[in-house]
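What follows is a single structure, written as structure tokens, with notes after it.
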There are 2 protein chains.
Amino acid sequence: MGPEEFRAAGHELIDWIADYRTRIPQLPVQAQVKPGEVAGKLPDRAPAQAEPFGQVLADLERVVVPGVTQVQHPRYFGWFPANASLASVLGDLAAGGLGALGITWQSAPALTEVEEVVVGWLRELTALPATWRGVIQDTASTACLVALLAARERATDYSEVRGGLQAEDAPLTVYTTEHAHSSVLKAVALAGFGRDNLRLIEVNPVTYAMRTEALAAAIEADVAAGHKPAAVVVNVGTTGTTAVDPLAEIVPLAGRYGMWVHVDAAMAGSALLLPEMRWLIDGVEDADSLNWNPHKWLGTLGDCSLLYVADPAHLIRVMSTNPSYLRSAVDGEVTQYKDWGIPLGRRFRALKLWFQLRLDGVEAIQARLRRDLDNARWLAGQVSSTPGWRVLAPVTLQTVVLRHEPPGAVSGTGVVLDADALNAHTIAWADAVNSSGAALVTPSLLDGVWSVRVSIGAEGTERPDVEELWGLLQQAVLRSGPT
Amino acid sequence: MGPEEFRAAGHELIDWIADYRTRIPQLPVQAQVKPGEVAGKLPDRAPAQAEPFGQVLADLERVVVPGVTQVQHPRYFGWFPANASLASVLGDLAAGGLGALGITWQSAPALTEVEEVVVGWLRELTALPATWRGVIQDTASTACLVALLAARERATDYSEVRGGLQAEDAPLTVYTTEHAHSSVLKAVALAGFGRDNLRLIEVNPVTYAMRTEALAAAIEADVAAGHKPAAVVVNVGTTGTTAVDPLAEIVPLAGRYGMWVHVDAAMAGSALLLPEMRWLIDGVEDADSLNWNPHKWLGTLGDCSLLYVADPAHLIRVMSTNPSYLRSAVDGEVTQYKDWGIPLGRRFRALKLWFQLRLDGVEAIQARLRRDLDNARWLAGQVSSTPGWRVLAPVTLQTVVLRHEPPGAVSGTGVVLDADALNAHTIAWADAVNSSGAALVTPSLLDGVWSVRVSIGAEGTERPDVEELWGLLQQAVLRSGPT
């Protein structure tokens, strides 16, 4: 395809996207397709000859759109927000059009330097320490793995250049809570620590935050047993309930053992743009790394996950390679992001952030985040004040964890009397909401019993959408009948 | 930014990209900026208020374009091709416009199923075993790490669920050659094997391919010493010289020891679309995994790297997570790509491939690849038949490794007599070509002496561009004067 064909097709596609974004509120939120239905609409093999663009665009509409759960929908309250702001879509298109090769500074100096500048802007906006430096990773999963690999190598005095982790004697141990995201457990496994060496520290039963005294006890027991505490993953805004571990208490404790402190603020990081929310990471100054995802609430098209580190030299020592074909005369003077993560090659992801921050402006983004916090508090108030309904966790951010409890399901002191019946009830009404296509919420286990997460923060979600959701939840409960 | 503002700005940006791609041949190939020059043009902080789109577009031109090495230029012969075909740019734009959330099948069924179908199309086009299944990863670096993690876990009977790699007794060993890409060494380090347990097997001095008998001897010595051979990374198309390790010999040997065989065909994979090139992977049927990068020669906008595995159940066992908030009723019936790699969330990358294959058509892509192979053979013929010039490695694909050898630099039998002088000469003329902006080539060490890689395969590179390059190389040598 040449530039003129691209021009014609590109204009068509831009119009299609503008129209699509406009009509999203009329689409069902949850995709209504069955397994295999999308694949069944596609031919068995690639076409030998070029097809006209109109045919591809028609298939986008016919095959793809019905197969996508509409997370840009104003009544999307599932998982976490996954906003893909149109300004960031343009930045990503610019990156594609440029077609730059991001393997070294030399291969695309602007790709490196715009990234340095923009992650610096966001460092300042989130009030992280001025000496920290950042890099864009794909996801929080990868960022956490990178942090744990760095922790592993620091704790073993860089075993990777000798016999590797398999040559180490005292088993390294890692600490977090059972409310940590599943990617933390995965990172522990992939980094080779082993499940037996992961400690899931007890949480406060009301706030679901890590109990520092339990962490201290676990560390002491491990040290006494000859283990070597290597890292703690501190959760600032857990997936289940947006719980916030007490970073300011954990950091000095970990420091006494030379442990790496990684802060997983994948969801909560966006809130740090609001000065009134910066208490979330009080104590971060002496941590080692922090990660958050602009591709969630902030609204940068994914994938876009920021990893900040106190000491990039350490990352580079763990990750660096230097083959002859990638060397250049300026190597000592420039940042080589290939040495700050797993992949050699990187997209020009910084353009998404650059476009979004410039085209939307910081104040408008802050206003949207405050709107969502207000909406969550409003919904929590409605739920709490309605008989039979309960808010199950502190509403720290924009997510409300709730349950409808029919008479007799829960004792006066909050003890679940018949978990099976209550679970069946919860799943029934949540499924009814979701399968209707009118809104999407996420069932989630809390203390072993199903609850429902309402995560507010789609770019288009206004107060009337939250009011409508609250009505839908109550209707769904009524229709699901007695348990 | 709302849909109507997006529409207006999007049309402007599409026109800008079409114009930009048209004028690339007039731009210098290598970016002419100095370290810090791009960053110096940007403000210290993000704007509080939204800026007009015209201002951002002007900065794209003023700040970014001069800071990008033009790998889409017809006289780009550096590193490896990094084509970003305009059809794939449109597919990527469609993905951005959709803004789908790729965490589970349920979150975007089409994202999973279009990926399954399209990687299936490419499996068939590259004649990989019909039972193998594929997944899109970001880069070959990550794909190799995933393969080595899978190898590690298979060799330790899944130590990740117990004490991890650190609890293993017999050290696991990994095998490749010194011509393996730097990312292979990095993956060995990150997976925790340790540099001491990586064996760089001797290569044939003419073809730079792994010597199977040397591999057999190394494995036997390790077994005798109580080590446990875990994996071999077979290079099909090395970065230095596009050397091809003898897969058909290595696979049965590795099989006798239960080793994982990973095939790194990052560059060469595109050639597998040509039936006459499928000898490259003869013997692949009993290997475990193969990776190649459509974002190189094939021309899919990066990042887009394909990992095929013989047994996906094994990947899933190593990578799987199953938190309550990601469960759904269809979990047993669908593919969950989150369990096939490191990140939980994934972009809708399949659309890039889907658009490219449909809008360009397979036959046109095949014709382009054959054109590049022809051009490489032509250039190699010119170099070989010109006194003072030498082709240093077999031209297996589209890369020619060459050197100009002034009188007295090399003996009649090909022995380098004064490496320092020859290196200075090579670097001088290669730098002269690159800094001129007229073309880009990549200096690379071969047998410890600098050579120059001419990697043909930019989408716009036609025979006259290769002829012009050959003239530029000869002129640069003449101008660099006597050594």
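The values are calculated or read from the model by the stated rules, or taken from the named source; none is laboratory data. Model, not experiment: these values are computed from the prediction. Neighbour counts run over all protein chains shown; Cβ positions are idealised from the backbone, glycine included. These area figures cover heavy atoms from the full protein model, side chains too; ligands, DNA and RNA do not enter into them. Shrake-Rupley method; radii C 1.70, N 1.55, O 1.52, S 1.80 Å.
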**OP:** Could you tell me which residue of the stretch A:423-454 is modelled with the highest pLDDT, considering only residues that are under 14 Å from B:SER324 (Cα atoms) and assigned to a loop (DSSP other than H, G, I, E, B)?
**Re:** A:VAL441
**OP:** Run down A:ALA155, A:ALA151, A:ALA167, A:ALA127 and say which single residue is more than 22 Å from B:GLY345 (Cβ to Cβ) and modelled with pLDDT under 95.
**Re:** A:ALA167
Original post:
Residues of the stretch A:157-190 being buried (at least 23 other Cβ atoms within 10 Å of the Cβ) and either more than 7 Å from every other protein chain (Cβ to nearest Cβ) or within 17 Å of the chain's Cα centre (by Cα) (or both), which ones?
Top reply: A:THR173, A:VAL174, A:TYR175, A:THR176, A:THR177, A:ALA180, A:HIS181, A:SER183, A:VAL184, A:LYS186, A:ALA187, A:VAL188
Original post:
Only one of (1) of a type in the set (A, V, I, L, M, F, W, C); (2) under 20 Å from B:SER320 (Cβ atoms); (3) touching a residue at least 60 places away in the same chain (Cβ under 8 Å) fails for A:LEU125. Which number is that?
Top reply: (2)
**OP:** Any chance you could count how many residues in the stretch A:10-26 are open to solvent by 40 Å² or more (accessible area, probe 1.4 Å), farther than 19 Å from B:VAL89 by Cα and not acidic (Asp, Glu)?
**Re:** 4
Original post:
Do we find that A:GLN55 is in contact with a helix residue (DSSP H, G or I) (Cβ under 9 Å, 6 or more places away or on another chain), assigned to a loop (DSSP other than H, G, I, E, B) and of a type in the set (S, T, N, Q) in this structure?
Top reply: no
**OP:** For the stretch B:243-262, indicate whether the set of residues that are of a type in the set (Phe, Trp, Tyr) and open to solvent by less than 30 Å² (accessible area, probe 1.4 Å) is non-empty.
**Re:** yes
Subject >> Residue, most open to solvent (accessible area, probe 1.4 Å), within the stretch B:191-216, restricted to residues that are β-branched (Val, Ile, Thr) and either touching a residue at least 40 places away in the same chain (Cβ under 8 Å) or within 14 Å of another protein chain (Cβ to nearest Cβ) (or both) >> reply: B:VAL206
Original post:
Out of all the residues in the stretch B:423-469, which are among the basic types (Lys, Arg) and at the interface with chain A (Cβ under 10 Å from one of its Cβ atoms)?
Top reply: B:ARG453
Original post:
Residues of the stretch B:455-472 being in a loop (DSSP other than H, G, I, E, B) and in contact with a helix residue (DSSP H, G or I) (Cβ under 6 Å, 6 or more places away or on another chain), which ones?
Top reply: B:ILE456, B:GLY457
Original post:
Got at least one residue in the stretch B:39-62 being crowded, with 24+ Cβ neighbours inside 10 Å, more than 8 Å from every other protein chain (Cβ to nearest Cβ) and more than 26 Å from A:THR126 (Cα to Cα)?
Top reply: no
Original post:
Which one of the conditions (1) at negative phi; (2) surrounded by 22 or more Cβ atoms within 10 Å (Cβ to Cβ) does B:GLY460 fail to meet, given that it meets all the rest?
Top reply: (2)
Original post:
Does at least one position in the stretch B:104-122 carry a residue that is among the aromatic types (Phe, Trp, Tyr) and at the interface with chain A (Cβ under 8 Å from one of its Cβ atoms)?
Top reply: yes
Original post:
In the stretch B:288-302, what count of residues is obtained for those that are within 30 Å of B:ARG256 (Cβ to Cβ) and open to solvent by less than 10 Å² (accessible area, probe 1.4 Å)?
Top reply: 4
Subject >> Scope the stretch A:423-441; condition buried (at least 22 other Cβ atoms within 10 Å of the Cβ) and either in contact with a helix residue (DSSP H, G or I) (Cβ under 9 Å, 6 or more places away or on another chain) or over 22 Å from A:VAL206 (Cβ atoms) (or both); matching residues >> reply: A:HIS425, A:TRP429, A:ALA430, A:VAL433, A:ASN434, A:ALA439, A:LEU440, A:VAL441
**OP:** Sort through A:VAL251, A:VAL203, A:VAL174 and tell me the only one that's under 24 Å from A:ASP286 (Cβ atoms), at pLDDT 95 or above and touching an Asp or Glu at 6+ places or on another chain (Cβ under 6 Å).
**Re:** A:VAL251
Original post:
Taking strands (runs of 3 or more DSSP E) that fall entirely within the stretch B:303-422, which contain at least 1 residues that are open to solvent by 10 Å² or more (accessible area, probe 1.4 Å), more than 9 Å from every other protein chain (Cβ to nearest Cβ) and more than 28 Å from A:VAL65 (Cα to Cα)?
Top reply: B:389-391, B:399-404
Subject >> Residue list for the stretch A:65-97, filter: more than 7 Å from every other protein chain (Cβ to nearest Cβ), closer than 12 Å to B:GLY97 by Cα and in a loop (DSSP other than H, G, I, E, B) >> reply: A:GLN70, A:ASN83
Original post:
Is it fair to say B:ALA100 is small (Gly, Ala, Ser), closer than 22 Å to B:ASP331 by Cα, open to solvent by 10 Å² or more (accessible area, probe 1.4 Å) and in contact (Cβ under 8 Å) with a residue 12 or more places away in the chain?
Top reply: yes
